[in-house]
Amino acid sequence: MNRLVNKLDLKWVRFTFRPPWSPATAAAKAGLSTLPPDPVVPSKKPFKAELVGGKRYSWCACGHSKKQPFCDGAHKTKASGLSPLRFVPEKDAAAWLCGCKHTGNPPYCDGTHKQDFIASAPLHEPTES
Ligand code: FES
């Protein structure tokens, strides 16, 4: 009798302390990643842009836009999980906007494009659809 109770207790303990379901757990069990995709590299140099003060811009963060360095909505189908960076410059000014999509100071170039991992990365060519 005591042995039967111990078996039941173990089942109860397993049932009681089963970790709760979460998308991250389910994705990990299925071998999927819940992390957003890495951006592709559409250019290994920054883009010079004449920015207008007070105007709202959307800087492409995924690298799939055909209107570099700005967003054309391509992230919705090609890089779900990545979103453009929206910014409003305070005044009219020329700026170097990141083209490699790996800057540490988005949307501006910080020189990251000079590093080896960008130099050796494949250049992304925009595709239809
Ligand atoms: S172009 Fe990306 S850091 Fe310069």
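I need the full set of residues from region 79-110 which are open to solvent by 20 Å² or more (accessible area, probe 1.4 Å), of a type in the set (Gly, Ala, Ser) and modelled with pLDDT of 95 or more, in order please.
Ser83, Ala93, Ala94, Gly104
Across region 44-54, what is the number of residues that are surrounded by fewer than 18 Cβ atoms within 10 Å (Cβ to Cβ), part of a loop (DSSP other than H, G, I, E, B) and within 16 Å of the ligand (Cβ to nearest atom)?
Result for region 44-54: 2.
Which of the strands (runs of 3 or more DSSP E) contained wholly in region 55-129 include at least 2 residues that are out of contact with any Pro (no Cβ under 7 Å at 6 or more places or on another chain)?
In region 55-129, the matching strands (runs of 3 or more DSSP E) lie at 93-97.
In this structure, is Ala61 surrounded by 18 or more Cβ atoms within 10 Å (Cβ to Cβ) and out of contact with any strand residue (DSSP E or B) (no Cβ under 7 Å at 6 or more places or on another chain)? Spell out how you get there, then give the answer.
Values: surrounded by 18 or more Cβ atoms within 10 Å (Cβ to Cβ): yes; out of contact with any strand residue (DSSP E or B) (no Cβ under 7 Å at 6 or more places or on another chain): no.
Considered against the rule, which asks whether it is surrounded by 18 or more Cβ atoms within 10 Å (Cβ to Cβ) and out of contact with any strand residue (DSSP E or B) (no Cβ under 7 Å at 6 or more places or on another chain), Ala61 comes out as no.
Mind checking whether some residue in region 92-114 is at positive phi and near the ligand (Cβ under 9 Å from one of its atoms)?
Within region 92-114, one or more residues are at positive phi and near the ligand (Cβ under 9 Å from one of its atoms).
The values are calculated or read from the model by the stated rules, or taken from the named source; none is laboratory data. It should be emphasised that the depicted structure is a prediction, and the values quoted were computed from it without experimental measurement. Quick reminder, even Gly has a Cβ in these numbers, built from the backbone with ideal geometry, and neighbours come from all protein chains shown. Heavy atoms of the whole protein, side chains included, go into the accessibility calculation; ligands, DNA and RNA do not. Shrake-Rupley method; radii C 1.70, N 1.55, O 1.52, S 1.80 Å.
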